[in-house]
Amino acid sequence: GYALDSGPAQRTREAEGGILRLLDAPPAALADYVGLVRQLDLAPAGGGGDSDPGLRHYPGSPELIRALMRPDDRMACCELHDDDAADLRHRFARDPMVAVHHRDAWEALRALLPPRQKRALILIDPPFEATDEFTRLADGLAAGWQRFRTGVFAAWYPIKHRAPVRAFHTAIAQSGIRDVVAAELLLREPLDPSRLNGCGLLVINPPYRFETEATTILDALLDRLGGGEAGAAATMTRLCDE
């Protein structure tokens, strides 16, 4: 999770252009998400100064997923960085439904798949700190899909400029993976590679009605987060048929 009233969040103030724009009377497409974020706020609101959002803690994806799990569900969290792995272990120390692995998640894709359960969501959220991250993501998805073809894979990626994203999409289309869509949100035309101009979520085996529901969510996000810059857009693209 992320403290919004101290540390890096106060220095960058990124939340002001993100989650804080969604809190006030969220549209129906975002209401469940915003409600869950508020539910997981671990500290009381109030007293935060002029920009007090009424939100002190923004949950990371492990917290969001854990809150949605059913009694028979299980989660495995893989983290390579020492401090983050320690934080995860502290957070889920007494939770029998969660296992934390201090290991390279690219290696874990092969080691942990297929799971004992017949169905699973595999969320891949790379740091994109290395120049070959798109290549590693395409290779990791191909390897994971080969081991678990019925799994739902969701992979986040940044959009700074178009060339790396086009190459990534081409690699996926040529990999033999079936049933793939890409949901993208652009805040501006992706022309400046030094800026995060948008992001995407590539989904393999998207659930029933995902394309319709996700398009509605993307449109709502664009309406709230978009600043009216040229090239801002929300798109849903099918890369591979079933």
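The values are calculated or read from the model by the stated rules, or taken from the named source; none is laboratory data. All values derive from a computational prediction rather than experimental measurement. Surface accessibility is based on the protein's heavy atoms, side chains included, excluding ligands, DNA and RNA. Shrake-Rupley method; radii C 1.70, N 1.55, O 1.52, S 1.80 Å.
Some points to look at:
- Additional length obtainable on full extension of the chain from Ala28 to Ala67, 0.36 nm per residue less Cα span: 12.0 nm
- Cα gyration tensor shape of the chain, rounded if a/c is under 1.5, else prolate or oblate by comparing a/b with b/c: oblate
- Nonlocal amide H pairs with Ile124, under 5 Å, H built at 1.01 Å: Ala154, Ala155, Trp156
- The heavy atoms of Arg149 offer some 130 square angstrom of accessible surface to a 1.4 angstrom probe.
- Using a probe of 1.4 angstrom and keeping all protein chains present, the accessible surface of the chain works out to 58 square angstrom per residue.
- Across segment 13-24, rounded Karplus estimates of 3J(HN,Hα) from the backbone phi angles (6.51 cos²θ - 1.76 cosθ + 1.60, θ = phi - 60°) give 6, 5, 4, 5, x, x, 4, 5, 7, 9, 6, 7 Hz, Gly and Pro being marked x.
- Per-residue extension of 0.36 nm, minus the Cα-Cα distance of Ala93 and Ala76, leaves a gain of 4.8 nm for this segment.
- For the chain, the antiparallel share of DSSP beta bridges with both residues in that region comes to about 75%.
- Across the accessible surface of the chain, with the other protein chains kept in place and a 1.4 Å probe, carbon and sulfur atoms take up 51 percent.
- Phi-based couplings in Hz for segment 62-69 (Karplus 6.51, -1.76, 1.60; Gly and Pro marked x): x, 5, 4, 5, 4, 5, 9, 6
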